Amino acid sequence: MVILLLIWLVQWIYHYINEYLDKDVNQQRTQLLQELAQGGPTLEQRSWGAVLWTALRKWLFWVVAGTLMLLLAHRWLRKSICEEENSRDSENEESEEENRAEMNMIYIFSRRFHLSVPKLASGRRAVQELLSDLLQVSHSLFSDSFFPVLEPAIGVGSACEGWSPQKEDVVYCMFVPLKPPHGYAFHLEPDIMREMPQMRMRVRVELVCTCTREQPNQKILCFLHNSAEELKRNQVASLLHTLCTGPYLDGEKIALWFQTFVISAWSVLPQSHYYSMKVLPSCRSCKMKLMKASGRSFFVEVVFSVQQGDSDIFLSSQPTEAPFPPSTTWLESYAVAEAKFFRHVSMQAPPHSCHLKCLRLCARLLEGSGLSIYALKTTVMHLLTLIPPSEWQHKYLLMRVDDTMHYLRCCLEEKCLKHFFFGNEDMPEEISLPPAFQEAQPLNLFQHLADDPAAQTEALKKFDKLQYYLYFGF
Ligand SMILES: [Zn+2]
């Protein structure tokens, strides 16, 4: 098109120059005749000038045509360079386009699965404050008695770790470690009815001689060496007679004691001005429902625990699943170590890391799959030690979801998912585990699938159905 236009332009210019010069020649001719009549230069001289003019005419045309051709060539050259640059740019644009598509997918997933994490951080702070105020009241109330000493609460579980799969009615789980009061010691004994994967223990309460101990309050007698009558007259009841069954700490009795305390202490707490509180029935923990005037509610579950040595492994009063063992049985819990691991990951992670969103999204996707949330959490914890923090940027969310699903599928196929805290060489140093954990054989969370091939086939079938929904359901 451009070439046709140029050819037409060249022809037009040629025609114009010709016409202009012809007009000029006619004028010259008239002038020549006039000059001849007046006796001017000779005809030879004049015809030489005409030849020169004709040459000039042609020359002028070629200059214009040449310039146009040069312009055309220049234009064509520029165009081809631009095209090359464009093709390079378009490659970049394509990858930008892909990123944009990926971000759009993440947006769709976030909307569809309500991934925007509710205000877990502010809820966590409010719960931490509530527990701290409650424990302060308990210390002043029980300082002269022999109830277990309540240590600062530790937030554990999905809400405190920041990935709660619940949309509303979030449950904040708080571990309250128990320490022996004056004159007592706790001894952890393996339960005879020990079962895997959760180690069962009992907490034996022993009396310690306090005769030689410097006591700020001289009224406190030694349970071992003062006479029973003297003790009965002057001292409050022993822990062994209040919250124990036999010589063992009783989870049920502790729960009931704490629930009664919460109900009686509530009115003195500043939180009573902002929330209405209800203690819900729970036999091994203290469940509270807190409701704001706006109607927004959340739950707090206080679980009693005993620390194993100075490690991050605790014994918990609350069994995670039925059937409940005897109330003097305490179950080994990794909840504190897990919460610490997630805090450690958050400190290493890039801003807007997607690991919590990934966990939340996968928890939603696996709803109804029969796979436990704990298996999923274990998978993501393994991946967090395998995949570097920079690869958990928000833009990689879908890739990490894919990794998680792929890892879980492989584990189902292999009938083996290793427990995170046993024999794990990739454990961050910050997590303090009892020495036996490092040397232990890895514990298989999918042992039940290894023992039952039909259950494994069923689990795989369900999982594949879910994956189909994930990839083709949109
Ligand atoms: Zn004594």
For residue 313, distant residues with modelled amide H under 5 Å away: 308
Order of 347, 291, 427 under a 10 Å beta carbon neighbour criterion, fewest first: 347, 291, 427
Gain on full stretching of the segment that runs from residue 141 to residue 230 - 0.36 nm per residue minus C-alpha separation: 29.7 nm
The stretch 223-257 and the stretch 120-177: distance between their alpha carbon centers, rounded to Å: 26
Translational diffusion of the stretch 197-317, µm² s⁻¹ [Kirkwood Rh, Cα pairs; Stokes-Einstein; 20 °C; 1.002 mPa s]: 122
Cα shape, the stretch 120-333, gyration tensor, a/c 1.5 rule: oblate
For 378, 245, order by how many other beta-carbon atoms lie within 10 Å, fewest first: 245, 378
Integer Hz, Karplus 6.51/-1.76/1.60 couplings in order for the stretch 368-379, x for Gly and Pro: x, 8, x, 7, 6, 4, 5, 5, 5, 4, 4, 4
Unit Cα scatterers, Debye sum, the stretch 243-401: log10 I(q)/I(0) for q = 0.13 Å⁻¹: -0.87
Inter-site label distance for residue 169 and residue 188 at 7 Å from Cα along Cβ, in nm: 3.4
Greater than 25 Å apart at Cα, pairs in 292/377; 179/287; 253/278; 232/287; 415/462; 119/462: 292/377; 232/287; 119/462
Rounded to whole Hz, the Karplus (6.51, -1.76, 1.60) HN-Hα couplings of the stretch 349-362, x for glycine and proline: 6, x, x, 6, 4, 9, 5, 6, 5, 4, 5, 5, 5, 5
Karplus (6.51, -1.76, 1.60) ³J(HN,Hα), θ = phi - 60°, over the stretch 385-397, in Hz, Gly and Pro reported as x: 8, 8, 9, x, x, 5, 7, 9, 4, 4, 5, 9, 3
Amide H contacts of residue 173 (H built 1.01 Å from N, under 5 Å, at least 5 apart or other chain): 156, 159, 160, 301
Environment charge at residue 279 (Cβ cut-off 13 Å; Lys +1, Arg +1, Asp -1, Glu -1): +2
Cβ-Cβ FRET estimate between residue 206 and residue 278, R0 fixed at 22 Å, reported to 0.05: 0.05
Amide H within-cut-off set for residue 304, under 5 Å, with H built and near neighbours excluded: 176, 317, 318
Extension gain, residue 399 back to residue 385 (0.36 nm per residue minus Cα-Cα distance, nm): 3.4 nm
Fewest-first sequence of 462, 232 by Cβ atoms within 10 Å of each Cβ: 232, 462
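All of the numbers you see were taken from the coordinates with simple rules; none came from a lab. Note that the coordinates shown come from a computational prediction; the quantities given were computed from them, not determined experimentally. Reconstructed Cβ throughout: ideal geometry from the backbone, glycine too, with neighbour counts over all protein chains shown.
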